[in-house]
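Values quoted throughout were computed directly from the atomic coordinates according to the rules given, and no laboratory measurement underlies them. Values in this document were obtained by computation on a predicted structure and should not be read as measured data. Methodologically, a virtual Cβ is constructed for each residue, glycine included, from the backbone with ideal geometry; neighbour enumeration extends over all protein chains shown.
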Amino acid sequence: MSIRSSQALVRVTKRFSFEMAHALRCHDGMCAQIHGHSYVLDVTLNGTPRHQPNDPKDGMVMDFAELKILVNSAVIAHYDHALVLRETDRGAVDGSHGLFARVRFTSWQPTCENMLLDIVDRLHKVIPVSARLHRVRLQETATSWAEWDAE
C-alpha cells in the first residue's frame, strides 16, 4: 500500500498561546469586570500534501513555520497582552495613559465565541488557497472553549 494518493486530504494543526484581558459589558457575573486569561488557539488546516520532489515543502499541506508567521501576524500580534473592550466603553479608558496602550475596542461583546469568529475572519484573509481553514479552537480557561468548524 502506498502512502501517496493524489487525492489524500490531511489535517494539520498548530497550537498558539497568548495572554489577553477583557470585560463583558452588562454581564450578570464577575466577567463584567476587567480580567485576564491565558488563551490557547488551535488552528487546523485541511489540504493535500504537496507532491513536488526536490521542493523544500514536498509532502506538506503547509509548512508549520509559515503557518506560525501568518497566525502570529494576523492574530497574536493583535491580541497578545491586549485589553479588549466594547466600543461603548471607550470613555472609561484614558487613552493617553501608557497602561492603556494596547486596548482594542470592538463593536461586539468580547466573549470567547465572538473573539473566535473574529480570529476566523482574520485567518481567512491570510491562509493561502492551497490549504483550507478547517477548524479553529479558542480555549479561554482549562475547562472552557469555543470552536469553529468549516463543515
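Some values worked out for this structure:
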{"quantity": "Arg102 paired with Gln33, simple spin-label distance in nm, labels 7 Å along Cα-to-beta-carbon", "calculated": "2.2"}
{"quantity": "Read-out semi-axes √(5λ) of the Cα gyration tensor in Å, derived from the coordinates shown; its label in (i) 36, 16, 12; (ii) 27, 19, 13; (iii) 24, 18, 14", "calculated": "(i)"}
{"quantity": "Residue exposure sequence - Met115, Met60, Met30 - by fewest surrounding Cβ within 10 Å", "calculated": "Met30, Met60, Met115"}
{"quantity": "Neighbour-count ranking [beta-carbon atoms within 10 angstrom, fewest first] of Cys112, Cys31, Cys26", "calculated": "Cys26, Cys31, Cys112"}
{"quantity": "Per-selection metrics, the range 7-78 (Cα): Rg and Dmax in Å", "calculated": "18.0, 59"}
{"quantity": "Amide H contacts of Ala82 (H built 1.01 Å from N, under 5 Å, at least 5 apart or other chain)", "calculated": "Ala21"}
{"quantity": "Length gained when the stretch Ile69-Arg15 is fully extended (0.36 nm per residue, less Cα-Cα span)", "calculated": "18.2 nm"}
{"quantity": "Computed over the chain: relative contact order in percent, which uses C-alpha pairs under 8 Å that are six or more apart", "calculated": "27"}
{"quantity": "15 Å beta-carbon shell around Phe105, net charge (K/R +1, D/E -1)", "calculated": "+1"}
{"quantity": "Neighbour-count ranking [beta-carbon atoms within 10 angstrom, fewest first] of Lys68, Lys125", "calculated": "Lys125, Lys68"}
{"quantity": "Helix 112-124 vs. the chain, principal-axis angle (Cα, 0 to 90°, nearest 10)", "calculated": "40"}
{"quantity": "Sum of -39500 (n - 2.57) over DSSP H runs of 4+, divided by residues of the chain (222 nm, nearest 500)", "calculated": "-4000 deg cm²/dmol"}
{"quantity": "Cut-off 13 Å between beta-carbons: net charge of the residues surrounding Glu19, Lys and Arg +1, Asp and Glu -1", "calculated": "-1"}
